[in-house]
Amino acid sequence: MEKTKRILIIGGPGSGKTSVLQTIEKNNFKVHHEISREVTANAQKSGIEQLFLTDPFAFSNQLLDGRIQQFKNAASGINFYDRGIPDVPAYHVFTGDKIPEVFMKACKEYRYDQVFFLPPWEEIYESDNERYETYDQAVVLGDILLDFYKKLDYSPISVPKSSIENRYNFIIEQL
């Protein structure tokens, strides 16, 4: 039986994660997609414009549950993830909120095999209905994510700013 390997793609908002992961998926790898947009969209349907801003812990608890489920749903072989469990508490570093112990426990219990970091990239950054952060905030979030993962004993690999195809090839060559 093939070993299960979990590869994480992290970075601040608008750093190109989704585009790279779409290419990874087109090349027949299993991709576990970002769920924060789904959580945000569901909250908006119930009249809450930005759940993360209105009730950050309700938002984070839903993300944590979803990301743990994604982790458990890994198929044998290589699995790619658009953001990981440690992103949840890292965002609370950004907001200055106290991080619940359950978040840190989950970070220690569910470990990824490899982490790739896509740095902020102003030329490709776009704002939309679910992305409320400015580019400057995206830069700060990227730095927080990188530092947070390092504190959890990961060694994130920085993916160069380049075409989607070049970024894809860089990631695949590192596996």
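Rg and Dmax over the alpha-carbon atoms of the range 4-174 stand at 15.2, 45 Å.
Based on the Cβ-Cβ distance from Glu25 to Glu122, what FRET efficiency comes out when R0 is 35 Å, to the nearest 0.05? Let's see the in-between values first.
Values: r = 26 Å, r/R0 = 0.74.
It comes to 0.85.
Let me know the longest stretch in the chain that avoids all trypsin sites (Lys or Arg not before Pro) found in a DSSP loop with at most 16 other C-beta atoms within 10 Å.
Working: sites that count: Lys3, Lys98, Arg111, Arg131, Lys161.
Of all site-free stretches, the longest is 4-97.
Pick out, in residue order, every one of the GluC sites (Glu not before Pro) in the range 79-160 that is DSSP loop and has at most 10 other C-beta atoms within 10 Å; say none if there are none. Passing sites in the range 79-160 are Glu126. Pick from Ser60, Ser162, Ser46 the residue whose mean-square fluctuation is largest in a GNM of the chain, springs joining Cα atoms under 10 Å. Answer for the Gaussian network model of the chain: Ser46. Here the range 55-84 and the range 139-158 have alpha carbon centers that stand 18 Å from each other. With q set to 0.12, 0.25 Å⁻¹, the log10 of I(q)/I(0) for the range 41-141, from the Debye formula over equal scatterers at the Cα positions, is -0.47, -1.44. The P(r) of the range 82-175 has a tail past 24 Å containing 27 percent of all C-alpha pairs. Amide H to amide H, with H built 1.01 Å from N, Arg83 comes under 5 Å of Ile9, counting only residues 5 or more places away or on other chains.
Dividing the mean sequence gap of close Cα pairs (under 8 Å, 6+ apart) by how many residues the range 4-174 holds gives a relative contact order of 37 percent. Annotation: amide H of Gly77 within the under-5 Å range of Lys3, Thr4, Lys5, sequence separation 5 or more or interchain, hydrogens built in the peptide plane. Dipole check for the chain: with +1 at the C-beta of Lys and Arg, -1 at the C-beta of Asp and Glu, and the Cα centre as origin, the magnitude is about 700 Debye. For the range 55-89, backbone nitrogen atoms closer than 13 Å to the point 7 Å from Asn42 Cα along Cα-to-C-beta are found at 58-70. Put a dot 7 Å past the Cα of Ala75, heading toward its Cβ, do the same for Lys161, and the two dots end up 3.4 nm apart.
Readers should treat all values here as calculations from the given coordinates under stated rules, not as data from a laboratory. Quantities reported herein were computed from a predicted structural model and do not represent experimental measurements. Because the Cβ atoms are built from the backbone with ideal geometry, glycine has one as well, and the counts that use them run over all protein chains shown.
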